[in-house]
1. Hey, could you check segment 364-403 for residues that are open to solvent by 80 Å² or more (accessible area, probe 1.4 Å) and either of a type in the set (Phe, Trp, Tyr) or not in a loop (DSSP other than H, G, I, E, B) (or both) and say which is farthest from Leu296 (Cα to Cα)?
2. Within the set of pairs 6+ apart or on separate chains, which have a first residue in segment 78-103 that is within 13 Å of Gly136 (Cα to Cα) and of a type outside the set (D, E, K, R), a second that is open to solvent by less than 50 Å² (accessible area, probe 1.4 Å) and in a loop (DSSP other than H, G, I, E, B), and C-beta atoms under 6 Å apart?
3. Could you tell me which numbered condition Glu407 fails, if it satisfies all but one of (1) open to solvent by 50 Å² or more (accessible area, probe 1.4 Å); (2) touching a residue at least 24 places away in the same chain (Cβ under 8 Å)?
4. Within the bounds of segment 286-304, is there any residue that is over 27 Å from Glu352 (Cα atoms), among the charged types (D, E, K, R), under 19 Å from the mean Cα position of the chain (by Cα) and surrounded by 16 or more Cβ atoms within 10 Å (Cβ to Cβ)?
5. Of all residues in segment 103-130, how many are of a type in the set (A, V, I, L, M), within 29 Å of Arg412 (Cβ to Cβ) and buried (at least 18 other Cβ atoms within 10 Å of the Cβ)?
6. Within the set of pairs 6 or more residues apart or between chains, which connect a residue that is part of a strand (DSSP E or B) inside segment 104-115 to a residue that is aliphatic (A, V, I, L, M) and modelled with pLDDT of 80 or more with Cβ atoms less than 9 Å apart?
7. Considering Arg76, Arg165, which residue is of a type outside the set (Ser, Thr, Tyr) and modelled with pLDDT under 95?
8. For segment 144-254, give me every one of the helices (runs of 4 or more DSSP H) that falls completely inside it and has 1 or more residues that are open to solvent by 70 Å² or more (accessible area, probe 1.4 Å) and without any contact (Cβ under 8 Å) to a residue 60 or more places away in the chain.
Amino acid sequence: MKFVAPRSICRLLPQLLTGALFGLAPVLGCTGSMGPSPADEADGDRGGSDQGGDTGGGGSAGNQGNEPALGTVTLRRLTKREYENTISALFGAPASYAANYPSDDVSKHGFATATNTSELMATATMEAADGLARFGVGKLNALAPCAATGDDACAKSFIETFGQRAYRRPLLAAEKLELFTLYSSARKELALDFKDGVRVLLTAMLQAPQFLYHWEQGDEALVKQDDGSVALGNYHLASRLSYFLWGSMPDAQLFEAAEKNLLKDPDELKSQARRLLSDPRGRSVASDFFTQLLYLDGVLRAEKDSASHPEWTAAVRSSALLESQTFVQNVVFDGEGTWRSLMTAKYSFVDETLGRHYGASEAKGTTLARTNLPSGQRSGLLTQAAFLSAHAGPTDTALVTPIHRGEKIRKRLFCQPV
C-alpha cells in the first residue's frame with residue numbers, strides 16, 4: 001500500500017527544519033526531490049533516521065517542483081526509544097519498564113530500526129506488556145475515573161479512551177468489541193475483579209500490533225486515490241509528525257487537531273510542527289539524530305588503557321556525550337542552524353573536567369557551559385571528545401584510530417561505502 005502526504009507539507013518542511021535535519025522529509029510522505037537519491041534507493045537506505053515512519057520511494061532532481069513521488073510503507077515496530085517515550089506519555093511509566101522490550105536493529109548506516117520479529121521478541125514484548133499492565137492498574141483511578149463503579153460501562157469507556165491513545169487513532173467498532181469480549185471472558189472465566197479485568201485489557205492492548213507498530217490502518221486509511229495510493233488521514237499525519245519531531249505519540253493538542261480534521265490545512269500543520277519543535281522533546285530528537293549518525297554514544301562504551309588514560313572515568317564519558325548533544329541542540333535551535341556551524345564552530349559546552357582536556361582554563365564547575373575552545377585545536381562536532389573517543393583505540397598510539405575515524409566520516413557523512 002502506498003501513502004502520500006499533502007503536497008503542502010512537503011513544501012513546508014524546508015521552512016520548518018534547519019539544515020541539520022536534512023534528509024528526513026520522507027518520514028512524512030514527502031519524497032521526490034526532497035527524498036533519498038537513486039543511489040540511496042539502490043543501496044537500501046531511506047536517507048533518514050527511524051523517527052516517524054519509512055515511506056521509501058526516492059525520486060530524482062528532475063522531479064523537483066512536481067508532485068512528490070509515492071513510496072511503499074514498511075511495517076516497523078516502535079524502536080526502544082520510541083517505546084520508552086510512548087509508555088511515558090501514555091501513563092507515566094519510567095524507562096525501566098522498557099527493559100524487557102526487544103533491542104533495536106541497527107542499519108548499516110547506523111540508525112536504529114525495528115523491522116524484524118521472532119518468537120523471542122514476542123516473548124520479550126509480552127513480558128514488557130505484563131509489567132506495564134501491573135504498573136498501569138496501580139494508578140487505575142487516573143486511567144479510568146469511573147473505576148469505582150466497576151461496571152461494564154466503565155470498561156467500555158476505558159477501552160475507547162485509553163485505546164484511542166494507545167493505538168494513536170479512534171478504535172474501530174470491531175476492535176472495541178474484541179477487547180470488550182476479552183475483558184468479559186476474563187472476568188467470568190477467571191473470576192477477576194474490575195481491576196484485574198483492566199490489567200488483562202492493558203496486557204492485550206500493549207501487545208497489539210496497533211500499539212507496537214507504525215501501522216497506518218483504520219477507516220480513514222481506506223480512501224484510495226485515482227492512482228491507487230492511499231492519502232494519509234489526520235490521525236496518521238498526527239502520528240507521523242509526533243514520532244518524527246518527538247520520537248513519541250501525539251499529545252492532546254495534536255489529537256484534538258486530528259479529531260477536528262485540521263491537519264490537512266497547511267497553516268495548522270505549520271503551527272503544530274513549530275509547536276512540537278519548540279518543545280524540549282523536539283530538541284532531543286535533533287541531538288539523537290546526530291548521536292546515531294556518528295555513533296556518539298559509543299563514548300560510553302569505549303575502552304581505554306588505564307595507564308595511558310587514568311582520567312577516563314564514567315563521569316568524563318557522560319560529560320563528553322552530553323557536550324556533543326548540547327552543542328548540536330544549540331546550533332540547530334539557538335544558533336545559525338547550519339552544517340558549517342556544526343563542523344567549524346570554535347566553541348562548545350564543557351565543564352571543568354572537559355575544559356582541562358581541551359586546554360580551556362576558563363571552564364569551571366560541574367555544569368556544562370558555553371566555552372570558547374583553543375584556536376587551531378578544535379573545530380566543530382568531529383573534534384569533540386565524544387566522536388574522537390568513540391572511534392579511537394585504547395591508547396593514543398593505536399594505529400587503527402585514524403582509520404576508524406576516517407571510515408565513519410566517509411560512510412556516515414559522505415555516504416560512500418569503504
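1. Asn372
2. Ile87/Ala93; Ala89/Ser248; Ala89/Met249
3. Every listed condition holds for Glu407 apart from (2).
4. No; the residues of segment 286-304 include none that is over 27 Å from Glu352 (Cα atoms), among the charged types (D, E, K, R), under 19 Å from the mean Cα position of the chain (by Cα) and surrounded by 16 or more Cβ atoms within 10 Å (Cβ to Cβ).
5. If we filter segment 103-130 for residues that are of a type in the set (A, V, I, L, M), which is where we start, we get 106, 112, 114, 120-122, 124, 126, 128-129.
Keeping just the survivors that are within 29 Å of Arg412 (Cβ to Cβ) gives 106, 112, 114, 121.
If we keep only those that are buried (at least 18 other Cβ atoms within 10 Å of the Cβ) as well, we get 112, 114.
Selection size over segment 103-130: 2.
6. Asp105/Ala112; Asp105/Ala114; Val106/Ala112
7. Arg76
8. Details: elements: 152-167, 173-190, 194-205, 209-212, 234-245.
Passing ranges, in order: 152-167, 173-190, 194-205.
The values are calculated or read from the model by the stated rules, or taken from the named source; none is laboratory data. Remember, predicted model here, so these are calculated numbers, not experimental data. Heads up, the Cβs are rebuilt from the backbone with ideal geometry, glycines too, and the neighbour counts pull from every protein chain shown. Calculation scope for accessible area: heavy atoms of the full protein, side chains included, ligands and nucleic acids excluded. Shrake-Rupley method; radii C 1.70, N 1.55, O 1.52, S 1.80 Å.
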